[in-house]
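A.B. asks: Got a structure here, written out as structure tokens. Questions coming.
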Amino acid sequence: MSVVGIDDIALHFPRLYFAMQDFAEFRGADYGKLSKGLGLEAMAIPDVHEDTATMGANAVSRLIDRNSLDPSSIGRIYLGTESALDGAKPTATYIMDMLEQRYSEKFGENSFRNCDVVDMTFACIGAVDAMHNTLDWVARGGMERNRIGIVVFADNAKYDLGSSGEYTQGAGGGGYTNPP
């Protein structure tokens, strides 16, 4: 089996945020616990045009551009999330549609036609499972197959106002790849 790993990572966070110091003051919470204890400085908030798919697509497009990847060479894009957009259609297909629109002029229509997409929906472990599954898929392809897989992690975590989980909510997306 080939040795594989993560060769690049890209992140996307919404520009809107709620500073944890302001949150602590607003809720009467201990800012020291949130900042020093939990490492929280800000809570990202998606703008009206952002969701799990757009945050993931932004991160993946950074990977494609930075690594000069031809979309037809990408064999899979697996998404780990707990924030599905649709009860029937995988969020990864929305990401794929956005990427197809972005790259169709340069690489042609259906440039992602050989790419498998899957959502692994189960909080943080979904992204870990997507990573393990993709690394195994790349390794089993061997050096001669030049398999490229991208793992996307994107969420928009929301909790009830005033709940014990409220300060841990936020949004963001990222992706990592293993180009040859």
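The values are calculated or read from the model by the stated rules, or taken from the named source; none is laboratory data. Please read these numbers as outputs of a predicted model, since none were measured by experiment. Here the Cβ positions follow ideal geometry from the backbone for every residue, glycine too, while neighbour counts run over all protein chains shown.
A.B. asks: Can you name the number of the only condition in (1) more than 12 Å from T177 (Cβ to Cβ); (2) surrounded by 15 or more Cβ atoms within 10 Å (Cβ to Cβ); (3) in contact with a Leu (Cβ under 6 Å, 6 or more places away or on another chain) that D47 fails?
C.D. replies: (2)
A.B. asks: Okay, next question. What are the residues in segment 103-140 that are touching a residue at least 40 places away in the same chain (Cβ under 8 Å) and among the small types (G, A, S), if any?
C.D. replies: Those that are touching a residue at least 40 places away in the same chain (Cβ under 8 Å) and among the small types (G, A, S): S111, A123, G126, A127, A130, A139.
A.B. asks: Of the residues N110, N146, which single one is out of contact with any Leu (no Cβ under 6 Å at 6 or more places or on another chain), at pLDDT 90 or above and surrounded by fewer than 20 Cβ atoms within 10 Å (Cβ to Cβ)? Walk me through how you get there before you give the answer.
C.D. replies: Details: N146 fails: at pLDDT 90 or above.
Within the list N110, N146, the selection yields N110.
A.B. asks: Of the residues that make up segment 45-61, is at least one over 16 Å from the mean Cα position of the chain (by Cα) and at positive phi? First the steps, then the outcome.
C.D. replies: Restricting attention to segment 45-61, the residues satisfying the condition of being over 16 Å from the mean Cα position of the chain (by Cα) are 47-49.
Filter again for at positive phi, leaving none.
Scanning segment 45-61, I find no residue that is over 16 Å from the mean Cα position of the chain (by Cα) and at positive phi, so the answer is no.
A.B. asks: Going by what's in this entry, would G56 be described as assigned to a strand (DSSP E or B) and either under 22 Å from E166 (Cα atoms) or among the small types (G, A, S) (or both)? So that I can check it myself, show each step before the final result.
C.D. replies: Details: assigned to a strand (DSSP E or B): no; either under 22 Å from E166 (Cα atoms) or among the small types (G, A, S) (or both): yes.
It is false that G56 is assigned to a strand (DSSP E or B) and either under 22 Å from E166 (Cα atoms) or among the small types (G, A, S) (or both).
Quick grid of which residues meet (1) outside any loop (DSSP other than H, G, I, E, B); (2) not polar (S, T, N, Q):
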site: R76; (1), (2): yes, yes
site: E109; (1), (2): no, yes
site: R113; (1), (2): no, yes
site: V117; (1), (2): yes, yes
site: T134; (1), (2): yes, no
site: D155; (1), (2): yes, yes
